[in-house]
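The values are calculated or read from the model by the stated rules, or taken from the named source; none is laboratory data. On a predicted model such as this, the values are computed, not experimentally measured, just so you know. Every residue, glycine among them, receives a Cβ derived from its backbone with ideal geometry; neighbour counts consider all protein chains shown. Remember, those area values only see protein heavy atoms, side chains included, never the ligands or the DNA or RNA. Shrake-Rupley method; radii C 1.70, N 1.55, O 1.52, S 1.80 Å.
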Amino acid sequence: MGPGFRRAGGAAAVTTTEPRTAGEAPLVPARTAPTHTETAPPAEGRSSGRFLARAALLTAVLSVAGSVLGLVRDQALARLFGAGGETDAFLVAWTVPEFAATLLIEDGLAFALVPMFSLALARRARGVTGDPVRALVASTLPRLALAFTAAGALVAVAAPVLVRALAPGLPDHALAVDCTRLTATCVVSFGLAGYCSAALRAHRRFLAPAAIYVAYNTGIIAVMFVLGGRWGVRSAAAGVAVGGVLMVAAQLPSLLRRLRRREGGERATVTDEAARPLALALFATVLLFALCRQSQVLIERFLASGLPSGAISHLNYAQKVAQIPMTLSLMLCTVTFPVVARALADGDTQRARDRVERDVALAACLVLLGAATVVACAPQIVQLLFQRGAFTAADTAATAGVMRVYALGLLGQTVVGALARSYFSAGRASWYPFGAMAVGVVATAAVGASAVGPWGVSGIAAANAAGITVTAALLLAGMGPRSVPMRVRRVLGDLGRSVPAAAVATGAGALAADRVTGAGAGAAVSLAVGAATVGGVFAVLCLALGVRGPGTVLRTARPARSPSPSTSPRSVTQRHPHGRSRFRFPFRDDR
């Protein structure tokens, strides 16, 4: 994560008396810090483990709800505007919120701010002068808000140039510019929403941050149906602006309540000049990695802009549906990321390694099951979700074909998402993930440029799968001194057993779904039969081959055992085998 403040020894014990509310971690009285070392973390008991399980369940439920509403949003877009030139213009503008969400909510800002707020909370608990949390907000929020505003204004002013660069062959350039200027507002709203999410998670508050995409997609859907008849596809761009404001509004009351809980005295010093270069380096590496990963979308839309009208739309619908299995499989890694970070902070690389290996194995198992279902039942899925209104049967066939190709890269997407957290979990800058992602992007561009001519949108989807798979292989090969020293051969052994099982299950599911469709059954029945066949065959083969599967998730809810000062005094300040770090993780459950 990020650097924080240097610890001062000799702090008196402080007993926390704040009431607990739903979505908040159990409060543990602070210990007396010895004068010669850093404060040890409080022991984690069963109550903390139960809280982590409840927080994970709450986050999963609201994330699924947000994903479902995102699917409804795409269905509304398809029904109201189809898959033609208008939708292509909006989807070029959609690049702005896609990048903003990755950089300001999901990755970059969270990696930097969550540990900073956690360390400020630890200083507050030790009774330092003033209120470090409120001082941190006063020090960072105005500057970041100014940066967000400047960036959003730059996007709005440069919209014509940006659209030309993203999609030079787009027929309706003016419409795309209008939509881009409307979506540029999300740079400000997403930045503020990401700031609120980081602060609340550091306070052990998960309800509001988990609900932001529910609010966001609700805003887009409402504005499209209210203004779609008068504004056309511009209503979707206006919905992005409204949804971004709702993301902030959903979190702001909760954050203000947390900041008001303690009256600040004199202003606390919250910056550490020695730590600032590390903070900037960490943020730079995370930001560049996220930018590079998201740039695959730019390559796809650049190549698709020269294809017939509707190509960008088919790519978008296929990608949104195909990535649902990846999103669900990575929820586990999101929840267990603090466990890995805590283990590395304690110098317990073996516990971190075991956790990462189990996470990768389980996430791969889940995403392969989802990918097999997508490939086997793609026509039925697209028909059931989108084929109505302006979305025709020809659009269904084109989208299903692209979606099947996209699914080939889901395993690589999941492995990249799981391993990237491991590289940054030690709280120090790492340039290797950015380098690996850059190689993958170059591979995507090269394969896409050569494949778009003969295979069209399917060639673009194949390039995406090839590029992310290259990145996954590089990240896996780099595990060791740069990150968690994972046993790569063991992970490859797990993948080597689960991939063939998924391939066989895919064939069986496709055969079953086609036969049911041929017998005259509807898309819903064919999908149900195909998905059930995929799941049954995959489960049987995984058991037969000894694949580590969902049973390992039961270990996730077990609280990590923190070393106590009496039993392991050196673990508090122990240097990591994979690099030096003075950073200390004082929190238990931050996600």
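Once the convex hull of the C-alpha atoms of region 173-212 is built, how many Å³ does it hold per residue, rounded to a whole number?
Per-residue hull volume (Cα only) is 55 Å³.
Report the rotationally averaged projected area of region 421-483 based on its alpha-carbon convex hull, in square nanometres.
Orientation-averaged projected area of the Cα hull: 4.2 nm².
For region 52-194, with every protein chain kept in place, what is the accessible area per residue (1.4 Å probe, Å²)?
Averaged over the residues of region 52-194, the accessible area is 35 Å².
For region 449-526, what is the charge dipole size about the Cα centre, in debye to the nearest 20, if Lys and Arg each add +1 at the Cβ and Asp and Glu each add -1 at the Cβ?
400 debye
For region 448-461, just list the computed ³J(HN,Hα) in residue order, Karplus coefficients 6.51, -1.76 and 1.60, θ = phi - 60°, integers in Hz, with x standing in for Gly and Pro.
x, 5, 7, 9, 5, x, x, 10, x, 5, 5, x, 5, 5
Projected onto the charge dipole of region 482-529 (+1 at Lys/Arg Cβ, -1 at Asp/Glu Cβ, origin at the Cα centre), which of Val488, Gly520, Pro500 gives the Cα projection farthest towards the positive end?
Val488
One-quarter of the Cα convex hull surface for region 413-549, in nm²?
10.7 nm²
Would you grab the residues whose amide H sits under 5 Å from the one on Gly84? Only those 5+ places off in sequence or on another chain, please, with H modelled 1.01 Å from N.
Close amide H contacts, sequence-distant or interchain: none at all.
Taking every pair of alpha-carbon atoms in region 58-145, what share in percent sits in each 5 Å bin, from 0 to the bin with the longest distance?
3, 11, 12, 15, 14, 12, 11, 8, 6, 5, 3, 1, 0
So, with a 1.4 angstrom probe, what is the percent of accessible area on region 54-171 that is carbon and sulfur?
The value for region 54-171 is 71 percent carbon and sulfur by accessible area.
Across region 436-447, in residue order, what do the Karplus-derived ³J(HN,Hα) couplings come to in whole Hz, using 6.51 cos²θ - 1.76 cosθ + 1.60 with θ = phi - 60° and x for Gly and Pro?
Each residue's phi maps through the Karplus curve to give 5, 5, 5, 4, x, 5, 4, 5, 4, 5, 5, 5 Hz.
With the other protein chains left in place, how much accessible area per residue, in square angstrom, belongs to region 460-542 at a 1.4 angstrom probe?
Ligands and nucleic acids excluded, the result is 41 Å² per residue.
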